[in-house]
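Contents: one structure, followed by commentary.
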Amino acid sequence: MFEKLKDLKTYEAGKPIELVVREFGIKPEEIIKLASNENPYGPPPKAIEKVKNIANQMHRYPDDSFFELKDALSVKFDIKNSNVIIGAGSDQILEFAVHAIAPKKVLMAGITFAMYEIYSKQVGAEILKTKSITHNLNEFYEIYKQQKPEIIFLCVPNNPLGECVDSKEVFEFIEKIDQNTLIVVDGAYQEFASYKDKNKEIKPKDILKYPNVLYTGTFSKAYGLGGMRIGYGIANEFIIQNLHKLRPPFNITTLSLAAAIEALKDEEFVKMGIVKNFEEMEKYKNFAKENGLDYIDSYTNFIVLYIKNSTKIAENLLKKGIIVRNMASYGFEALRITIGKPEENDKLLNTLKGMIS
Ligand code: PMP
């Protein structure tokens, strides 16, 4: 029993605030959580208001067609409702895609979003990774030619490193791949990347002409709805119809649906968060330069700082109520830090300064 799961590690989620309260007796309001790439400015105010107003609908299943949200996404991206599938987080769309194909081989970057590997191993797939930890699409292509994987994951921009390939490169790559291979373009942080640099923007509409490309997006990051678990997939109708065969009924809660619909109307709030993200990220870059630390130029809402003894430092930060992500499990000493609010970033950097000097 469970033979196929023998080598499968459980996904290690960012540590929750509750754990720090329990283990170190720190008050929840004093804890700074910069480990899960959430929106530090909270949910969009319009979404909060809406969820309060419809709390008395909790006894009803949601509209299982998710028509209103699909409609709003279709308008936003200039596509059709039938090109959209809604998931409990974009995670669920990734899961549908892998389980729908049950591939023998899957290709991804050397270091990338852990769930690609986890879902693939669940169906017994062999995992192929580029030697390069970031996305080197030439290397992707070489491995593709030799191994013919059935799924290729491109994380644009990439979590947990933060780098981003140009969209031009992505499309040139897609053109070279046989139509029997599904290419998943994970755009969980696209809102950040496309704001920082237009060359990184992937328009979901542009992938529709390919019969073998699935774009995934989320409300968990720029839209501030991580706790609501809602995301989406966009592709041509044939892919979407097939992914729907894996979708359980009512996979999105009534409240999450409503929150996502309102979040799409609150573009101003979303934009504010993105603008502040990159303003605040400068503090981290300056800190790195001043202290002789390397960092990875980031197109997301987090930054990777290379720091010696990152395990010890992450532990010490935790004791002070600051949660960050240690990268040691990926094989190098670094911290991945979600960009927080100004006061959170200041406190973290001051505390970190004391630990490295
Ligand atoms: N893709 C990437 C690259 C991510 O970093 C994440 C969340 N950490 C997801 C997908 C899944 O996000 P969600 O399920 O919250 O939409």
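The values are calculated or read from the model by the stated rules, or taken from the named source; none is laboratory data. Owing to the predicted nature of the structure, the values given are computational and were not obtained by experimental measurement. Glycine gets a Cβ as well: all are built from the backbone with ideal geometry, and neighbour counts include every protein chain shown. Heavy atoms of the whole protein, side chains included, go into the accessibility calculation; ligands, DNA and RNA do not. Shrake-Rupley method; radii C 1.70, N 1.55, O 1.52, S 1.80 Å.
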Which residue fluctuates most in the GNM of the chain (Cα springs below 10 Å): Pro211, Pro157, Pro44? Pro211
Among Gly14, Gly89, Gly25, the residue with the largest mean-square fluctuation in a Gaussian network model of the chain built from Cα contacts under 10 Å is Gly25
Cα centroid distance between segment 80-122 and segment 282-352, in Å? 29
Calculate how many DSSP beta bridges within the chain are antiparallel, expressed in % of all such bridges and rounded to the nearest 5. 50
Most fluctuating of Ser310, Ser65, Ser82 in the GNM of the chain (C-alpha, under 10 Å) is Ser65
If I take every Cα pair under 8 Å that is 6 or more residues apart in the chain, average their sequence separation and divide by the length, what percent do I get for the relative contact order? 23
Distance check, please: which entries in Lys203/Lys271; Lys9/Lys347; Lys50/Lys221; Lys80/Lys245; Lys198/Lys276 exceed 25 angstrom between their Cα atoms? Lys9/Lys347
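Relative to the compact globular guide of 2.2 N^0.38 Å, what is the alpha carbon radius of gyration of segment 240-329, as a ratio?
Computed over Cα atoms of segment 240-329, the ratio equals 1.59.
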Computed Kirkwood radius, in angstrom, where 1/r is averaged over Cα pairs of the chain: 21.1
In segment 234-285, the trypsin sites (Lys or Arg not before Pro) that fall in loop regions by DSSP, at most 10 other Cβ within 10 Å: Lys245
Of Ile26, Ile152, ordered by accessible area with the largest first and a 1.4 Å probe, the sequence is Ile26, Ile152
log₁₀ of I(q)/I(0) at q = 0.10, 0.17, 0.19, 0.21 Å⁻¹ - segment 1-148, Debye sum with one point per alpha carbon: -0.61, -1.23, -1.24, -1.27
Output wanted: per-residue J couplings in Hz (rounded whole) for segment 214-221, from phi through Karplus 6.51 cos²θ - 1.76 cosθ + 1.60, θ = phi - 60°, x for Gly and Pro. 10, 9, 10, x, 9, 9, 7, 9
Ile32 long-range amide H proximity, modeled H, under 5 Å: Ile322, Ile323
Output ³J(HN,Hα) for segment 313-330: one whole-Hz value per residue in order, computed from phi by the Karplus curve 6.51 cos²θ - 1.76 cosθ + 1.60 with θ = phi - 60°, and x for Gly and Pro. 5, 4, 5, 5, 5, 4, 4, 8, x, 10, 9, 10, 9, 7, 9, 4, 5, 8
Using a 1.4 Å probe, how large is the accessible area of His244, given in Å² and rounded to the nearest 10? 60
Determine ³J(HN,Hα), in whole Hz, for all residues of segment 103-116 in sequence, where each value follows from phi through the Karplus function 6.51 cos²θ - 1.76 cosθ + 1.60 and θ = phi - 60°; x replaces Gly and Pro. x, 8, 9, 9, 10, 8, 5, x, 10, 7, 4, 4, 5, 4
Under 5 Å from the placed amide H of Lys104, counting only residues 5+ away or on other chains, we find Glu150
Give a quick list of chymotrypsin sites (Phe, Trp or Tyr not before Pro) in segment 173-214 that DSSP marks as loop, anything other than H, G, I, E or B, with at most 11 other Cβ atoms within 10 Å. none
Can you give the calculated 222 nm mean residue ellipticity of the chain, where each DSSP H run of n ≥ 4 adds -39,500 (n - 2.57) and the sum is split over every residue, rounded to the nearest 500 deg cm²/dmol? -12500 deg cm²/dmol
